[in-house]
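Every number in this text was worked out from the coordinates using simple rules, so none of it is lab data. Treat the numbers as computed from the prediction; the structure is a model and nothing was measured. Here the Cβ positions follow ideal geometry from the backbone for every residue, glycine too, while neighbour counts run over all protein chains shown.
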Ligand code: EPU
């Protein structure tokens, strides 16, 4: 095992703050993962599993071992005339995997094109965009249970997927995802219901879309609305869209008739956090080199702050003002360390 000491985490997370880790290693196999976990145990060090660091904010030095997951590989497990079953290593780059499927016209993940991150992180927060959540296309997830010290295979039901949620997130740090199995379709039902996708297809004169034309539309929409983490530090949506009760909704909509909300069931609404934050006047605001992105208020951007704590404090100020104005408490989507 190659161990690095007192290393800067700046290149390993998309907020690119200058926080350090006392120890750092990368693992390419399950055996290397075991070796790293054993080393942490023997040396009484905490550990942290890192993918490509696109949904994490380090607010201080990490006292322990950072284990960067680099288990890669895309394997075809089964194929029929209509479907294909793939097993993919946790460390594969998500965008690379989606484009691989799009090139083969295997449908299901095209709406999730260009989401930064790794395949292993996708089921943890059940990544979602433009009307699709990754859990819909997952058959099972392989993970190591650090409590019982067993390798497990979670069926889709056992993953307990919800909005930006899963068993792996609920029981944070218990399971380490090593591989994910996806079922994709050769005759997919394409999801074009999301307004922005419909508009791009219409603009391009595409009435009979393909897996590829949807992926291209999504790539276009994301590139025009969201900052590229390779150019400006960010981790996509910093907050989740909050869920409120119908009673709360009925009160808010009277006071704020332009509030954007979607009914989830008879008693719950999901409201657009981006709208709430914009309505509090944050969109485009920059303080101490941290900003609320000008084109999408849900995204916090780092224009050069060195300390993760500065970004955290900025997010705290947003939470406070949304709570004061609307009585709604925003929850962070990004993992804070
Ligand atoms: N809105 C505003 N102001 C803003 C941003 C949004 O009023 O500054 C309004 C929009 O006009 C729209 C509504 O809020 O009516 C929803 O906006 P959008 O379609 O941009 O989606 P979102 O709810 O803000 C979610 C995901 C994104 C995903 C998009 C597209 C969460 C936390 N975020 O954002 O995911 O790309 O939908 O499906 O659910 C991510 O998780 O990192 C991410 C980027």
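Give the calculated FRET efficiency between residue 204 and residue 103 to the nearest 0.05, with a Förster radius of 30 Å applied to their Cβ-Cβ distance.
Taking R0 as 30 Å, the efficiency between residue 204 and residue 103 is 0.95.
Legend: calculated FRET efficiency, residue 80 to residue 157, from the Cβ-Cβ distance at R0 = 22 Å, rounded to 0.05, equals 0.45. Our helix-only sum for the chain, with -39,500 (n - 2.57) per DSSP H run of n ≥ 4 divided by its residues, gives a mean residue ellipticity at 222 nm of -8000 deg cm²/dmol.
Comparing 33, 298, 48 in a Gaussian network model of the chain where C-alpha atoms under 10 Å apart are linked, the largest mean-square fluctuation is found at 48. In this calculation the C-beta distance from residue 212 to residue 232 is compared with R0 = 35 Å, giving a FRET efficiency of 0.80.
What does the C-alpha gyration tensor say about the overall shape of the stretch 1-140? Classify as rounded when a/c is under 1.5, otherwise prolate if a/b is larger than b/c, or oblate. If you can, show how the numbers build up before the last one.
Numbers: a/c = 2.83, a/b = 1.79, b/c = 1.58.
Prolate.
For the stretch 296-337, evaluate the Debye formula with one uniform point scatterer on each Cα (no solvent term) and list log10 I(q)/I(0) at q = 0.16, 0.27, 0.31 Å⁻¹, rounded to two decimals. For the stretch 296-337 at q = 0.16, 0.27, 0.31 Å⁻¹, log10 I(q)/I(0) is -0.44, -1.08, -1.23.
Annotation: the antiparallel percentage among DSSP beta bridges lying fully within the chain is about 80. Using Stokes-Einstein with the Kirkwood hydrodynamic radius over Cα pairs, what translational diffusion coefficient do you get for the stretch 226-337 at 37 °C and a viscosity of 0.692 mPa s, in µm²/s rounded to a whole number? The estimated diffusion coefficient comes to 227 µm²/s. The stretch 62-213 gives an Rg/Rh value of 1.00, both radii derived from C-alpha positions and Rh following Kirkwood. In plain terms, the bigger the Kirkwood radius, the slower the diffusion; for the chain, with that radius from Cα pairs, at 10 °C and 1.306 mPa s, Stokes-Einstein puts D at 75 µm²/s. Placing a pseudo-label 7 Å from each Cα along the Cα-to-Cβ vector at residue 136 and residue 224 gives an inter-label distance of 2.3 nm. Each DSSP beta bridge with both residues in the stretch 30-160 is either parallel or antiparallel, and the antiparallel ones are about 75%. Pairwise alpha-carbon distances in the stretch 36-88 exceed 18 Å for 55% of all pairs. Here each label is just a point 7 Å from Cα along the line to Cβ, and for residue 172 and residue 320 those points are 2.2 nm apart.
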